[in-house]
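Asker: Below are the structure tokens for one structure; questions will follow.
Readers should treat all values here as calculations from the given coordinates under stated rules, not as data from a laboratory. These figures come from a predicted structure and were not determined experimentally. When we count neighbours, we look across all protein chains shown, and the Cβ atoms used for this are built from the backbone with ideal geometry, even at glycine.
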Amino acid sequence: MQLALTGKTALVTGSTQGIGAAIAASLARSGARVAINGRKAETVEAAMRGILDEVPEAQLIPAAADVATEQGAAQVVEAVPDVDVLINNLGIFGAQSPLDITDDEWRRYFEVNVLAAIRLTRAYLPGMVERGWGRIQYIASDSAVVIPAEMIHYGMSKTALLAVSRGFAKEAAGTGVTINSVIAGPTHTGGVEGFVYELVDKNLPWDEAQRAFMREYRPQSLLQRLIEPEEIANLVVYLSSEQASATTGAAVRVDGGYVDSILP
């Protein structure tokens, strides 16, 4: 399939590193003009240089602002007024004992992981509907379904994204705009290698180490290795394309079989 996005403008929130950066690079490789978002101008610029090294023909737009705030979201909308593809990737996570999570932390996880995505959807969906074409995605997690005991505030926020995605898909019914969530599984991102080597033999080569980690600590994974960010990006690019025109209101899994269910 030719997943050409030439002529389309995409915005990927939280795209200076990890999954977001991989998604941005893959969208650029498919021909889209991509807005790179992060809180600081210098990290956005560094991310853009990294993508250009990988995809020299990439068309990139800097969109430095904290979209978890109303002011930051407004700055991004001003920098990129019309978007055809919106990827709500921004998210925070961290382990904490459930009884120690404060009201402020509950609010922070909701505001960053959920409300930021809602705010940008409100900003960009009307234009997509008016043009009769658009793609909105929310990057969720296996934690939306398999709630981690040590991160229930994070799991809550990702579960909320599944509801938000389905609800906005109903709002966009029949308009040519598709809205989906992507359930990502355990992924090889920055810092993960150190975490893995804290738990398995430090003398093992990386491929063996991650497989040992998955067998012992994530045995429900059918892939039995960490997912590479580019593998998640592949699904996101497909869902952003014309070929995915009949997929909407869905929670699509790229979790390596981590969630032990035939449905999300």
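Asker: How do the peptides 135-144, 221-230, 157-166 rank, highest first, by the average count of neighbouring beta carbon atoms within 10 Å per residue?
Answerer: Ranked by mean Cβ neighbours within 10 Å, highest first: 135-144, 157-166, 221-230.
Asker: Straight-line reach only, C-alpha to C-alpha below 25 angstrom: list the lysines that K158 could link to, leaving out same-chain residues fewer than 8 apart.
Answerer: Partners within reach: K40, K170.
Asker: Roughly how far apart, in whole Å, are the Cα centres of the range 150-176 and the range 187-264?
Answerer: First find each Cα centre; the distance between them is then 20 Å.
Asker: Tally Lys and Arg at +1 and Asp and Glu at -1 over the other residues with C-beta under 11 Å from the C-beta of V145: what net charge comes out? All intermediate terms of the calculation are to be shown ahead of the outcome.
Answerer: Details: positive: K158, R253; negative: D142, D255, D260.
Cβ neighbours under 11 Å give a net charge of -1.
Asker: How would you order 198-208, 55-65, 3-13 from highest to lowest mean count of nearby Cβ atoms within 10 Å?
Answerer: Result, highest mean Cβ count within 10 Å first: 3-13, 55-65, 198-208.
Asker: Taking the C-alpha atoms of the chain, how large are the radius of gyration and the largest Cα-Cα span, Dmax, in Å?
Answerer: Considering the chain through its Cα atoms, Rg and Dmax are 18.0, 57 Å.
Asker: Here is a further query. Per residue of the chain, what 222 nm ellipticity follows from adding -39500 (n - 2.57) for every DSSP H run with n ≥ 4, rounded to the nearest 500?
Answerer: Computed ellipticity for the chain at 222 nm equals -13500 deg cm²/dmol.
Asker: Listed highest first by mean packing, meaning other Cβ atoms within 10 Å per residue, what order do 181-191, 44-54 come in?
Answerer: Result, highest mean Cβ count within 10 Å first: 181-191, 44-54.
Asker: Aspartates and glutamates near K202 by alpha-carbon distance under 12 Å, same-chain residues fewer than 8 away left out - which ones?
Answerer: Within reach: E193.
Asker: Report, largest value first, the span of the C-alpha coordinates of the range 27-164 along each principal axis, in whole Å.
Answerer: 49, 35, 28
Asker: Is the range 115-221 best put as rounded, prolate or oblate by its Cα gyration tensor, with a ≥ b ≥ c the root eigenvalues, rounded for a/c under 1.5, and otherwise prolate when a/b is larger than b/c, oblate when not?
Answerer: Prolate is the answer for the range 115-221, as a/c is 1.5 or above and a/b outweighs b/c.
Asker: Tally Lys and Arg at +1 and Asp and Glu at -1 over the other residues with C-beta under 15 Å from the C-beta of E111: what net charge comes out?
Answerer: Local net charge: +1.
Asker: When the chain is modelled as a GNM with alpha-carbon springs shorter than 10 Å, which of F168, F213, F195 fluctuates the most?
Answerer: Result for the chain, Cα springs under 10 Å: F195 fluctuates most.
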